Structure formats: structure tokens, C-alpha cells
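Nothing in this text is a laboratory measurement; each read-out follows from the coordinates by a stated rule. Every value quoted in this text rests on a predicted model; they were computed, and no experiment measured them. Note that we place each Cβ from the backbone using ideal geometry, even for glycine, and neighbour counts take in every protein chain shown.
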Amino acid sequence: MRDQRGFSLIEILVVLVIISVFTSLAVLTLESVQGRNNDEEVLRLQRLLEMAADYSDTRGTPLAVEFLPNGYRFSAMQTNGEWRLIFAPSPFAERSWPEGVQVARLEIDGVHQNEPLRLVFASEPPEYKLVLALPEGRKTLLGTLSGMVGLE
């Protein structure tokens, strides 16, 4: 009898199938985690916008949120009328978007806004529609005069 060296074609194919199954599972898991991170960031922004409306109303200090290509940041109006950025440890500190997230559209009181995209909360919050583009689709945040923010 001949000495067998190496693996048979069937054995190699079985190993390739197993590797491809595990690779597919890993990719699906990573995509799921990224989607969950995006959803969490949208919910965080929703809560921060509600907090900004409440803060401006109760403290009488206007807050503005500026949407940047890579994230967003809040500013507070000072007594001299100038805007000052808010830094950590405040919940209103600047944040970066997860990869693939960006603002697609901002409408304030029904009017489309151009760059720079800025939303100002004063004693009465504006009505606004903020559309975010995510890798898995679009999410819309709808701000009401009560300060509540809906998610579509």
C-alpha cells in the first residue's frame, strides 16, 4: 500500500466550509454591534436634545447644538451675548458620531437649514426635524414645542 500524505479533497472542503461559517458569524456579529452602537447614539442625542430644551427653559440660558461632519457640540450663551463651548464632564460635552453616521437634513420651524447646522434652545424650544443618515438607514428626530423629541 501507498503511504498517504496530505489531506483528501473532502477534508479540505469541510475545513473551508467550517471557516466560512465562522467568518460569516463574526461579520454578522460585528454588523449587529455597530448597528446597536448607532441606535444608542441616536437615543443619546434624543435625550440630550430634550435635556437642552429643559435646561434652557428652567435656567433661562440659551443653549445651542451645532452639528458637525464628525459629531456635535453644545454651546451656552454667556451674559455678554457670546457663545461658549461646553466641555466635559458635562453631559453636553462634544461628541463624535460613530463611523458612517451624519446629519442628512435639519429643518427648524419647517425651514431647511444650510451649513452651519445649528439648533438654538431658548425659553421656548423650536419645532425641528433632524434626519440622521446611518449605515442601516435613516432615523428622524422630531422636536416639539414642549421640548420632547420623538424618534421615527
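Principal-axis analysis of the Cα atoms of the chain puts helix 9-59 at an angle of about 10° to the longest axis.
Given region 9-151, report the % of alpha carbon pairs whose separation exceeds 22 Å. In whole percent, the share of Cα-Cα pairs in region 9-151 beyond 22 Å is 46. Considering the dipole of region 9-151 built from charges on the beta carbon (Lys and Arg +1, Asp and Glu -1) around the Cα centre, which of Pro62, Gln113, Gly150 is farthest to its positive end? The residue sitting farthest along the positive end of the dipole is Pro62. For the peptides 8-15, 44-51, 104-111, the ranking by mean Cβ contacts within 10 Å, running from highest to lowest, is 44-51, 104-111, 8-15.
For the chain, the dipole from Cβ point charges (+1 on Lys and Arg, -1 on Asp and Glu) about the Cα centre works out to 360 debye, to the nearest 20. Is the C-alpha gyration tensor of region 39-95 telling us rounded, prolate or oblate? Criteria: a/c under 1.5 is rounded; beyond that, a/b larger than b/c is prolate, otherwise oblate. In terms of gyration-tensor shape, oblate. Selection among Asn80, Trp97, Ala52 by position relative to the dipole of the chain gives Trp97 as farthest towards the positive end (Cβ unit charges, Cα centre). If the label point is 7 Å along Cα→Cβ of Arg47, which residues in region 125-152 have backbone nitrogen under 12 Å from it? In region 125-152, the label zone of Arg47 (backbone N under 12 Å from the point 7 Å along Cα→Cβ) covers no residue.
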